[in-house]
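The values are calculated or read from the model by the stated rules, or taken from the named source; none is laboratory data. Every value quoted in this text rests on a predicted model; they were computed, and no experiment measured them. Here Cβ is always computed from backbone atoms with ideal geometry, including for glycine, and neighbour counts include all displayed protein chains.
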Amino acid sequence: MQIKSPEFKQSARIALQDENLQKALGNLKAGFPGKRAAAVARMPEFEELRDQARDLKNHILEHLDLYLEEFEARVVENGGQVHWCRTSEDARKTILQICREQDAKTVTKGKSMVTEEINLNEYLEENGVRPVETDLGEYILQLRGDHPSHIIAPAIHLNLEDVSEAFHEHHKRPKSDDPAELMAEAREMLRKQFVAADVGITGANFLVAETGSTIIVTNEGNGDLTQTLPKTHIVVSSIEKVVPTLEDMSLFLRLLARSATGQEYSVYNTLSSGNRRPDDQDGPENFHVVLVDNGRSDMVGTQFQEMLRCIRCSACMNHCPVYGSVGGHSYGWVYPGPMGSVLTPQMIGIEKAGLLPNASTFCGKCEEVCPVRIPLPKLMRHWREKEFEKHLSPKAVRWGLGGWAFFAKRPGLYRLMSASASRFMRLLGGKKGKVSSLPMAAGWTDHRDMPVPTGKTFMQQWKARQKQESK
Amino acid sequence: MSDAHTPPIKVGLFVTCLADMFRPEVAFATVKLLEQAGCSVDVPDTQTCCGQPAFNSGDNQTSRDIARQTIKAFDGYRYVVGPSGSCIGMLHHYPELFTEDDPWKARAEDLKARAFEITSFLVDELGFSGIQSRFNGRITYHDSCSGLRELGIKQQPRQLLAEIDGVEMHEMQEAETCCGFGGTFCVKYPDISNRMVSNKTEFAADSGAETLVGGDLGCLLNMAGKLKREGREIDVRHVVELLADMTDNAAIGEADYDLGKAI
């Protein structure tokens, strides 16, 4: 996927003018936050579970190597194979190699953000393997040559008409705008693919060390068909998804669906523990787990380690007023919203993603709803520190800041500066109480008036009052 | 509360840049409230800005310099009180700027423990309930982000506002959603900020309130500026103006200032 994060500002401006997108974002804001709030209200111990989840994740991250090795040992005992991949390229090559061993022509895919991260689909296509997305949202996007704009509701930027149009064009059927009909149409198309597929690829919400199991959490059941029907099942997962036990997994499951969609549980919670045994009625003959690092182990032990607690619920973006205004594509890479603004600089480099950690008012709503209490504003601020150290912020910003700091560190001069700035603005605003155009603050006055000072500065007035009183 | 037998509580006023420059009435109203609550108020003149612009731009060296300056300015005061959740929230960040072995760390912690936003100071620290004010009209309250999420300010201003004679509270939808000010955010990303403040003014208008009240001048200047541009007939005021019975002057961004009257 092409990186467009440096164009965030322009993309955001276009997104704000896009009526179709704005309508779709309206649906998002009217849906997820209210449903989450209701689910949380029904669960008195929710806040306590968040503490437990945070602490448990911290423990796991301290012993990541240990749990991953335990996980690998159990997978192998269960008859599967684990592949350790340091980079995206390693992961892509490994997956292609497994497909080639099976002489695979068609690969069905369950929803997986990590395969977006490693740019898997494009690579498989280039190498003669046809990936078929089976999650409804992902399927729609694949037909349109589009990418997810949200990590759990990938096609949230589209409206019914867009889906209707895409199906009509690709399925060559009469156009329908009935959601149930469209769903049936997608199901009919996908059934054939499930049966034809040689390999099924899914992601994983968690990896369970004690049993060597992987789990996917879905609402459509497509993931189950993807991993059960083909001869080979490949699980692609990032390394931080490992949890020690099934019981630990349940703790996260209780938080995940509530934080994401406001459901108590997702419709399907499907565990995979190795390949088919002699007595099993179905299941894949080959079971592979591809573990993707891609910069994550570099975060361990740094000020960004807390980001690895993320369980990909999407609560931060569902509640973010910036995401809600501009949508996920504006962020220009795989992971959007607050979690993306922390993760993206790590994965593609701060030089390319520097604008993202700045695209936040630090309102703190994301941290307020994060089920594992990731201090997202703090982590975005840490990226701003890196940016400042590397002199990556625009010159105007650095000079402006430098000038301001010069005065802020000299109280006497600061007094003089604020007194004259106040006077200047009062002269401009006169008795109107506001100015409607200030060239040096056009970003402000293009959209709103600037209230002007109501009199001399407080410090001037306070001094005058003190003098008066001492007389 | 003080009487003839208890000495007044010594408070240093953290003025905040925006109150100092844009709306001195807010600082005077804060002083008046503190005095009503039995405090003696000083204004240390070596204070400037809390340093938040540097802190949020990743410039920790400047933030540290300013933090030391502020800590020194408020040495010796039992409390440091200001009319802003955002600036006081910044004072609460100071300990993060110093390493464990730095002697400034303890001094920063000490300042943090003494630093309060005005409404939470009155309610949480003093248990004050002696508001003497009259304000006729329907109001709505915007919860500014830093105060709400960093300092837990939610019911304190509402509790104090409820003591005012004549006030009628009409809560707006999404009172806790950011107004899009965000310090430098509003000039770095003007289009996004504009969308956010437009949502806010819409909700404020829908509430049926005549006056929009809040505890942070940054947000209030932003929302007032937008309301004026949209031509909406809603006044905007800082919460302390209502609490201190200082609402004779024009609301934020309104015409007819009688310069200097606020003294």
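Please go through the range B:1-54 and give me each residue that is of a type in the set (Lys, Arg) and surrounded by fewer than 21 Cβ atoms within 10 Å (Cβ to Cβ), ordered by number.
Scanning the range B:1-54 gives B:Lys10, B:Lys32.
Somewhere in the range A:300-312, is a residue within 21 Å of A:Pro371 (Cβ to Cβ), touching a residue at least 40 places away in the same chain (Cβ under 8 Å), touching a Cys at 6+ places or on another chain (Cβ under 9 Å) and in a loop (DSSP other than H, G, I, E, B)?
Checked the range A:300-312: at least one residue is within 21 Å of A:Pro371 (Cβ to Cβ), touching a residue at least 40 places away in the same chain (Cβ under 8 Å), touching a Cys at 6+ places or on another chain (Cβ under 9 Å) and in a loop (DSSP other than H, G, I, E, B).
Give me the residue from the range A:394-415 that is more than 17 Å from B:Gln69 (Cβ to Cβ) and hydrophobic (A, V, I, L, M, F, W, C) and, out of that set, farthest from the chain's Cα centre (by Cα).
By that ranking, first place goes to A:Trp399.
Within the range B:226-252, track down each residue that is within 8 Å of chain A (Cβ to nearest Cβ), small (Gly, Ala, Ser) and in contact with a Leu (Cβ under 9 Å, 6 or more places away or on another chain).
Selection gives nothing.
Search the range B:166-180 for residues that are more than 9 Å from chain A (Cβ to nearest Cβ) and within 8 Å of B:Asp143 (Cα to Cα) and pair each with any residue that is assigned to a strand (DSSP E or B) and aromatic (Phe, Trp, Tyr) when their beta-carbon atoms are under 8 Å apart and the residues are at least 6 apart or on different chains.
B:Ala175/B:Tyr141
Checking the structure you have, find out if any residue of the range A:130-148 is over 19 Å from the mean Cα position of the chain (by Cα), of a type in the set (Phe, Trp, Tyr) and part of a helix (DSSP H, G or I).
Yes, the range A:130-148 contains a residue that is over 19 Å from the mean Cα position of the chain (by Cα), of a type in the set (Phe, Trp, Tyr) and part of a helix (DSSP H, G or I).
Residues that are of a type outside the set (Ser, Thr, Tyr), assigned by TED's automatic domain parsing to the domain that holds B:Ser40 and under 18 Å from B:Leu18 (Cβ atoms): find the strands (runs of 3 or more DSSP E) completely inside the range B:79-160 holding 1 or more of those.
Hits in the range B:79-160: B:79-82, B:115-117.
Give the range A:416-452 a look and list any residue that's more than 8 Å from chain B (Cβ to nearest Cβ), crowded, with 19+ Cβ neighbours inside 10 Å and part of a loop (DSSP other than H, G, I, E, B), or say none.
Hits for the range A:416-452: nothing passes.
Inside the range A:248-282, can you point out the residues that are of a type outside the set (D, E, K, R) and in a loop (DSSP other than H, G, I, E, B)?
Across the range A:248-282, the qualifying residues are A:Thr261, A:Gly262, A:Gln263, A:Tyr265, A:Ser266, A:Val267, A:Ser273, A:Gly274, A:Asn275, A:Pro278, A:Gln281.
In the list A:Leu356, A:Leu392, A:Leu401, which residue meets the criterion of being of a type in the set (A, V, I, L, M) and crowded, with 24+ Cβ neighbours inside 10 Å?
A:Leu356
Any idea how many residues of the range A:363-413 are in a loop (DSSP other than H, G, I, E, B) and either at the interface with chain B (Cβ under 8 Å from one of its Cβ atoms) or not hydrophobic (A, V, I, L, M, F, W, C) (or both)?
11
Considering only the range B:191-224, state which residues are touching a Phe, Trp or Tyr at 6+ places or on another chain (Cβ under 7 Å) and within 8 Å of another protein chain (Cβ to nearest Cβ).
Hits for the range B:191-224 are B:Ser193, B:Leu221, B:Asn222.
Considering each of A:Ala30, A:Ala15 in turn, give the residue that is in a helix (DSSP H, G or I), loosely packed, with under 13 Cβ neighbours inside 10 Å and hydrophobic (A, V, I, L, M, F, W, C).
Exactly one residue qualifies, and that residue is A:Ala30.
Could you grab me the full set of residues in the range A:419-471 that are hydroxyl-bearing (Ser, Thr, Tyr) and within 42 Å of the chain's Cα centre (by Cα)?
Once the filter is applied, which keeps residues that are hydroxyl-bearing (Ser, Thr, Tyr) and within 42 Å of the chain's Cα centre (by Cα), the range A:419-471 yields A:Ser436, A:Ser437, A:Thr445.
Mind checking which residues of the range A:313-327 are more than 13 Å from every other protein chain (Cβ to nearest Cβ) and either outside any helix (DSSP H, G or I) or among the small types (Gly, Ala, Ser) (or both)?
A:Cys313, A:Ser314, A:Ala315, listed by residue number.
Being hydroxyl-bearing (Ser, Thr, Tyr) and part of a helix (DSSP H, G or I) narrows it down to one of A:Ser330, A:Ser360, so name that one.
Step by step, each of A:Ser330, A:Ser360 is checked, and only A:Ser330 is hydroxyl-bearing (Ser, Thr, Tyr) and part of a helix (DSSP H, G or I).
Please go through the range A:130-145 and give me each residue that is surrounded by fewer than 19 Cβ atoms within 10 Å (Cβ to Cβ) and touching a helix residue (DSSP H, G or I) at 6+ places or on another chain (Cβ under 8 Å), ordered by number.
If the condition is that a residue be surrounded by fewer than 19 Cβ atoms within 10 Å (Cβ to Cβ) and touching a helix residue (DSSP H, G or I) at 6+ places or on another chain (Cβ under 8 Å), then A:Arg130, A:Leu143, A:Arg144 are the ones that fit.
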